[in-house]
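Right, one structure below, let's go through it.
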Amino acid sequence: MFEKAEELKKLFSERIKELNEASEAEKLRIEFLGKKGFVSGLMQELRNVPNEDKKEAGQKINEIKQYIENSLAEKMNDLKAFEEQRQIDLAESYDETMPVMTDLGSYHPITLVRREVENIFLSMGFTVEDYSEITDDYNCFEALNIPKFHPARDMQDTYYLSSNQLLKTHTSAAQNTILRKYKNSLENGNPIRAIFPGRCFRNEKIDPSHENTFFQMEGIMVDKNISISNLIYFMKTMLSEVFQKDVTVRLRPGFFPFVEPGFELDIQCLICSGEGCPSCKNSGWLELCPCGMIHPNVLSAAGINSDEYIGFAFGLGLTRLAMMKYGVKDIRLFNSGNIKSLSQFTDKSFTRPE
Ligand code: PHE
């Protein structure tokens, strides 16, 4: 019995030396101290020990039990300390200059077109302005010469919020705020030149060419002697840059309460150069951008003297422009979240910023 006890102790000492995982320690404990473990086995043998040696044998078993428990506890502490040190070493050895091995993400096609148009307007002295997606009736309609109950409100089926606010139906909703922001600079002889891209919402039935969430880019210019030719010049320059060729544009009359006169700006079909093809429904032209000369009431609402100043505004459909530029046939792709389809438009020369 005593010999067996010594052997067991030796066996345990060897086994615990090999242990290097906390999860293994529990297994070892069960193997030695469990109900059917080695120590229990030894206890059973106590029966066969002569009475006079029983006490000593019992003590021996207890001593082994104690030894195993202490050793396991000690080992667990060592393993814990070792793991903590390993984590510290790992953290210290982290090198943030190591190249990332995953695939690069890609920009959304609308982001690509937006940035491209922004850069063109920036180079022509425009500022890029931000505006919230939630606004109110005043900014979205009233300040734009669309009073309550005006039939023009039916042109834009609006999502109203319970807070008496609404989701902006067009980027024109920012006109009043931006005109106010820069009206002082007019008096110092600096024209207002601003673009404001943004997400717009209308309660549309969704199909391949209609979305309830889409992007526009509004542009305004206000000064003393602005005319329709200025408007045509800026639009033509921008579109020629975007499509990388000299585009032909035309204006047709269009009605929007916040411009007078108002126009629809068409661009000559880039596929058939005006000959007529399925893409332009044989008309030779594609409707691209509503625009016009800012209505005097809109300038007055922003505190600008409409006898002295005049301006133009346009509402470029960024989503539509992206569809034309990338030949996307179904508008639903943009909000689909389909990364595989959306990533194909990324400019491959894009590199991760340093
Ligand atoms: N805000 C108008 C729309 O979304 C477009 C527009 C903008 C028209 C600027 C004229 C001038 O329908």
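Here are a few things to note about the model shown:
- Per-region count, region 106-152, residues closer than 30 Å to Leu333 by Cβ and not β-branched (Val, Ile, Thr): 20
- Number of the exception - Arg193 against (1) more than 14 Å from the ligand (Cβ to nearest atom); (2) modelled with pLDDT under 95; (3) not in a helix (DSSP H, G or I): (2)
- Within region 173-190, the set of residues being closer than 17 Å to Ser306 by Cβ and within 16 Å of the ligand (Cβ to nearest atom) comprises Gln175, Asn176, Ile178, Leu179.
- Single condition Asp53 does not satisfy, out of (1) loosely packed, with under 14 Cβ neighbours inside 10 Å; (2) within 55 Å of the chain's Cα centre (by Cα): (2)
- Test set (1) at pLDDT 95 or above; (2) under 18 Å from Ser300 (Cβ atoms) - Pro147 fails condition number: (1)
Conditions tested, residue by residue: (1) part of a strand (DSSP E or B); (2) within 12 Å of the ligand (Cβ to nearest atom); (3) assigned by TED's automatic domain parsing to the domain that holds Lys245; (4) over 34 Å from the mean Cα position of the chain (by Cα).
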residue: Asp266; (1), (2), (3), (4): yes, no, yes, no
residue: Leu270; (1), (2), (3), (4): no, no, yes, no
residue: Ser273; (1), (2), (3), (4): no, no, yes, yes
residue: Asn282; (1), (2), (3), (4): no, no, yes, yes
residue: Met293; (1), (2), (3), (4): yes, yes, yes, yes
residue: Val298; (1), (2), (3), (4): no, yes, yes, no
residue: Arg332; (1), (2), (3), (4): no, no, yes, no
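- Here Phe312, Phe334 are screened, and the one residue that is in contact with a helix residue (DSSP H, G or I) (Cβ under 9 Å, 6 or more places away or on another chain), closer than 28 Å to Pro191 by Cβ and touching a residue at least 40 places away in the same chain (Cβ under 8 Å) is Phe312.
- Residues (among the basic types (Lys, Arg) and part of a loop (DSSP other than H, G, I, E, B)) located in region 321-330: Lys329
- Of all residues in region 28-48 being under 13 Å from Gly58 (Cα atoms) and in contact (Cβ under 8 Å) with a residue 12 or more places away in the chain, the one that is surrounded by the fewest Cβ atoms within 10 Å (Cβ to Cβ): Asn48
- Meets criteria (over 60 Å from the mean Cα position of the chain (by Cα) and under 30 Å from Leu79 (Cα atoms)) for Asn48: no
- Hits in region 196-238 - residues which are of a type in the set (Gly, Ala, Ser) and away from the ligand (no atom under 12 Å from the Cβ): Ser209, Ser227, Ser229
- The residues in region 200-237 that are in contact (Cβ under 8 Å) with a residue 12 or more places away in the chain and either assigned to a helix (DSSP H, G or I) or among the basic types (Lys, Arg) (or both) can be counted, and the count is 10.
- The set of residues in region 239-256 that are within 14 Å of the ligand (Cβ to nearest atom) and under 34 Å from the mean Cα position of the chain (by Cα) contains only Phe256.
The values are calculated or read from the model by the stated rules, or taken from the named source; none is laboratory data. If you're wondering where the values come from, they're calculated on a predicted model, not measured in any experiment. Neighbour counts are summed over all protein chains in view; Cβ atoms, including those assigned to glycine, are modelled from backbone coordinates with ideal geometry.
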